[in-house]
Each structure stands twice: as structure tokens, then as C-alpha cells.
């Protein structure tokens, strides 16, 4: 661990790919802000096993909660170097009942998979180190969006 470790926020970080990303970032020397919507027990347990990690709960379907998440992470760590947009969900729709994919369901999925990641990037931008697309520096911030 360095004297001034970089900080990564990983959404959807209490299981699966998100947790694996958080573990790998910790191994690389990052302090990781773990996020989930509802898995607080798993988040607290994961944070207890990762050096420098802390768990933050937020419903990414709520615009104010997204803003609060970024602000809380920055307030706790004093910096944000990496944002990994990994949170997501899916719904099984029977092929013989496509009307089960209601407009409300589509709006929910769009909000979670498109609007929320975009807004998290926009809210994080003031805190991320200068990002240059032509000449990245050792202090460039990073954003990753995971989609399955």
C-alpha cells in the first residue's frame, strides 16, 4: 500500500464481477469504495476483508442517491481516481409473453443501465484527475462501464 493510495468506486461490488474487480483493485494498491443497492451485509463483510475499503449503499435509480454516493465517497477518501460502473439487473421475460416487458420495466432498466452510469461519470468528473484521451498521465482518472 502506498502512502497516498488511489481510490476506486465500484458500483455493484458486493458479488460476482463487481466484487472480483474490487478485490483486484485492492491487490493493485487501490482503496476501494464498494457500492450496492441493498446488499449491506455482503458489502460490510467485503469491506472488512479489503484493506482501505468502505461500503456505501445507494439506490442508483434515485438521482439524489447517485449524487450523494459520489459526494460521500469523495468526503470519506478526499479523492476519486477510478469509477467502475458495474451495477445492473435483468429481468427474465418469457418468449411467449413479450408484453410482460412493460414500459415501466424498460424505463427502470434504461435508468439503471444508461442514465445512472452517465450521471455517475458526470458527477465524478470534477473529482477525477485530469483525463486526457491523447496523452494519459500517471495521474489520469479512469472510467469503466461493465455490461453483460
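The values are calculated or read from the model by the stated rules, or taken from the named source; none is laboratory data. Treat the numbers as computed from the prediction; the structure is a model and nothing was measured. Note that each Cβ is placed from the backbone with ideal geometry, even for glycine, and that neighbours are counted across all protein chains shown.
Of everything in region 1-14 that is over 17 Å from residue 124 (Cβ atoms) and in contact with a strand residue (DSSP E or B) (Cβ under 7 Å, 6 or more places away or on another chain), the residue that is surrounded by the most Cβ atoms within 10 Å (Cβ to Cβ) is 14. Can you find a residue in region 88-103 that is touching a strand residue (DSSP E or B) at 6+ places or on another chain (Cβ under 9 Å), in contact (Cβ under 8 Å) with a residue 60 or more places away in the chain and surrounded by 12 or more Cβ atoms within 10 Å (Cβ to Cβ)? No, because not a single residue in region 88-103 is touching a strand residue (DSSP E or B) at 6+ places or on another chain (Cβ under 9 Å), in contact (Cβ under 8 Å) with a residue 60 or more places away in the chain and surrounded by 12 or more Cβ atoms within 10 Å (Cβ to Cβ). The single residue among 17, 21 that is touching a residue at least 60 places away in the same chain (Cβ under 8 Å), surrounded by fewer than 23 Cβ atoms within 10 Å (Cβ to Cβ), part of a helix (DSSP H, G or I) and out of contact with any strand residue (DSSP E or B) (no Cβ under 6 Å at 6 or more places or on another chain) turns out to be 17.
Test residue 41 against the criterion of being exposed (fewer than 15 other Cβ atoms within 10 Å of the Cβ), free of Cβ contacts under 8 Å to residues at least 12 places away in the same chain and over 30 Å from residue 102 (Cα atoms), and give yes or no. Spelling it out, residue 41 is indeed exposed (fewer than 15 other Cβ atoms within 10 Å of the Cβ), free of Cβ contacts under 8 Å to residues at least 12 places away in the same chain and over 30 Å from residue 102 (Cα atoms). In region 89-112, is there at least one residue being under 30 Å from residue 4 (Cβ atoms), modelled with pLDDT of 95 or more and under 16 Å from the mean Cα position of the chain (by Cα)? Checking region 89-112: not a single residue is under 30 Å from residue 4 (Cβ atoms), modelled with pLDDT of 95 or more and under 16 Å from the mean Cα position of the chain (by Cα). Taken over region 69-83, the criterion of being within 19 Å of residue 44 (Cα to Cα) and surrounded by 15 or more Cβ atoms within 10 Å (Cβ to Cβ) is satisfied by 69, 70, 72, 73, 74, 77.
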